[in-house]
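The values are calculated or read from the model by the stated rules, or taken from the named source; none is laboratory data. Since the structure is predicted, the reported quantities are computational estimates derived from the model, not experimental observations. With ideal geometry, Cβ positions are generated from the backbone for all residues, glycine too; neighbour counts draw on all protein chains shown. Ligands, DNA and RNA are excluded from the accessible area calculation, which covers all protein heavy atoms including side chains. Shrake-Rupley method; radii C 1.70, N 1.55, O 1.52, S 1.80 Å.
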Amino acid sequence: MPISAGGVAMGAWPRVAMEASELWVGFVGAGRMAGGLVRGLLQAGKVPASNVLASAPSDKNLDAWRELGCRTTHCNLEVVYRSTLVFLATKPHILPGVLEEIRPAVGSQHIVVSLVAGVTIQTLQRAGAMVFSRGSNAGDEEAALLKSLLSSCGLCEEVPESYIDIHTGLSGSGVAYVYLFAEALAEGAVKMGMPGALASRIAAQTLLGAAKMLLETGEHPAKLRGDVCTPGGTTIYALHQLEKGALRATIMDAVEAATNRACDMAKD
Amino acid sequence: MPISAGGVAMGAWPRVAMEASELWVGFVGAGRMAGGLVRGLLQAGKVPASNVLASAPSDKNLDAWRELGCRTTHCNLEVVYRSTLVFLATKPHILPGVLEEIRPAVGSQHIVVSLVAGVTIQTLQRLLPPGTKVLRIMPNLPCVVQAGAMVFSRGSNAGDEEAALLKSLLSSCGLCEEVPESYIDIHTGLSGSGVAYVYLFAEALAEGAVKMGMPGALASRIAAQTLLGAAKMLLETGEHPAKLRGDVCTPGGTTIYALHQLEKGALRATIMDAVEAATNRACDMAKD
């Protein structure tokens, strides 16, 4: 249902101001993804906890939300009635039933955002990468509001919906490839004689530093890579091993496999 | 040369206070690594730029230092006379000649910290006056963005005070830990060169996404942010990477399909090969 241009709301509830501080935010589903997102929002001071209402079937997850100062319920409809911005954060197979349940309560004042794909766990650490797409009735105002809210949790960009599965393969799953990479870096150092705990710390810091260089310099990774390569030095010896091991092709295979799996799952 | 207990200083210069803010810091050599380190120190406000003096043969590198507010010179001896904490940051083959040049000016008040790859503490102590406080450090380039990884070792005359000073100063540039000297070459293979492996990884991540239809600039940004987020999770949760990896693996989901590809491609073995090759090269270079 479109929001009417004249300001007369369709549906039972008056049009609520778009100010983030006056926003009533609801979460249908209160699992790990939702928890990460709300922590990021609260930590950034974007929304007061008392403006947040979350629903879940049991109290298992909801205890943590109450500890944050959020309100909780077991009733999905209540979340929809009492919120303007509604995040859907159920497991994929649950969602259709939930949508059927809440449909009668959804009106033109609502902005419904599905988290069921495309949001990563790192939002907990405010270093996430998120993409979102808008449905046919969500306009610039809604997109701007979402972007403003979620940018507190990390990178947040609007994309065509076709990119969302790619984002899953690149970033949603991509963090797991990085964890594998970190494990291997540390194990290489352990083989050479460094204790594991120190090696793990340095591996993680190396990842952090390189990522910051990429983000803050904006330079092409190949340029930054060249900067580190002293002629005849240690780096070029190492890179030769990575090329022999077809590292780049392997990683491209991984992104492709994850993206294709995301597309297949969407068809189910 | 010892400082006599009565407070009469031996040598020409009085003992300078160990307060970082009163520290006079010198750099012999002003290349990329030194530049990264000084940028980190200045940005963190650890040392005022006017307390920093750097020397280099030509002005090519020194312009950037002056722009930061540091003082510069072409005279290595001047750096040693005017500084308490002296960083040696020359290319390895230049260092022996430089040490011979500055040796007469090095005294008991100095703390000499070498950034020079492949030059051992033993060599440094041999080429400097007996009793000189020497430390050796291996940073990496992200010190520039205050997210560096640095390890250092102390020579026989450097004590807890010097180690604590160095650690306190350099923690402003990132992770800074004291280690046995034998770990320094490993650190080179893991982290000094390691950043290049990460750049390659980032490039490949983005290119995978480009193949699937995402534009390159967006893919690159998301790839870098993915690396950042994962790194922060590792550092801030302190959890084992395998545990974090398992947390992302929904049964039958996208992640486990991708990980299967990484295992087929022996990604872990390849990365271990890289760390090994770089470490071995560092050891070989040190013997030259």
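Judged by the ratio a/c of the largest to the smallest principal axis of the C-alpha gyration tensor, chain B counts as prolate, that ratio being 1.5 or greater while a/b is larger than b/c.
Per atom type, region A:138-188 shows carbon and sulfur on 50% of its accessible surface, probed at 1.4 Å. Solvent-accessible area per residue in chain B equals 40 Å², computed with a 1.4 angstrom probe and all protein chains kept. Per-residue packing, averaged as other Cβ atoms within 10 Å, sorts the ranges B:258-269, B:32-43 into the order B:32-43, B:258-269, beginning with the highest. Across peptide A:153-165, the mean count of Cβ atoms from other chains lying within 10 Å of each residue's own Cβ comes to 3. For region B:33-187, averaging the sequence separation of C-alpha pairs within contact (under 8 Å, six or more residues apart) and dividing by the residue count gives a relative contact order of 21 percent. If R0 is taken as 51 Å, the Cβ-Cβ distance between A:SER58 and B:GLU78 corresponds to a FRET efficiency of 0.10. In sequence order, region B:23-31 has phi-based couplings of 7, 9, 10, x, 10, 9, x, 9, x Hz under the Karplus curve 6.51 cos²θ - 1.76 cosθ + 1.60, θ = phi - 60°, and Gly or Pro positions carry x.
Within the assembled protein chains, the solvent-accessible surface assigned to B:ILE121 is about 10 Å², based on a 1.4 Å probe. Within chain B, the whole DSSP H helices whose Cα atoms reach 30 Å or more along their own axis and whose mean Kyte-Doolittle score is at least 0.0 are B:216-237, B:267-287.
The charge dipole of region A:117-243, taken about its Cα centre with unit charges on the Cβ atoms of Lys, Arg (+1), Asp and Glu (-1) only, comes to about 520 debye. Full extension of the chain segment joining B:ASP160 with B:ARG66 gains 30.6 nm, where the gain is 0.36 nm per residue of separation less the Cα-Cα distance. Distant-in-sequence amide contacts of B:VAL113, defined by a placed amide H-H separation under 5 Å and a gap of 5 or more residues or a different chain, comprise B:VAL86, B:PHE87, B:LEU88, B:LEU135. Taking label positions 7 Å along the Cα-Cβ direction at both B:THR237 and A:ALA266, the computed distance is 2.6 nm, reported to one decimal. Charged side chains reduced to their Cβ positions (Lys and Arg at +1, Asp and Glu at -1) give region B:33-180 a dipole of some 80 debye around its Cα centre. Our coupling estimate for region A:183-192, obtained by passing each phi through the Karplus curve with A = 6.51, B = -1.76, C = 1.60 and θ = phi - 60°, is 4, 5, 4, 5, 5, x, 5, 5, 4, 7 Hz, Gly and Pro reported as x.
Chains A and B together bury roughly 8900 Å² of accessible surface, counting both sides and using a 1.4 Å probe on protein heavy atoms. About its Cα centre, the dipole of chain B is roughly 260 debye, where the only charges are +1 on Lys and Arg Cβ and -1 on Asp and Glu Cβ. Highest average first, the peptides B:90-98, B:228-236 ordered by how many other beta carbon atoms sit within 10 Å of their residues are B:228-236, B:90-98. Taking amide H atoms as placed 1.01 Å from N in the peptide plane, the amide H of B:ILE94 has no partner under 5 Å among residues 5 or more positions away or on other chains. Counting every pair of alpha carbons in region B:190-252, the share spaced more than 14 Å apart comes to 66 percent.
For the protein assembly as shown, the fraction of C-alpha pairs more than 39 angstrom apart is 38%. In the protein assembly as shown, the calculated helix contribution to ellipticity at 222 nm averages -15500 deg cm²/dmol per residue, counting -39,500 (n - 2.57) for every DSSP H run with n ≥ 4.
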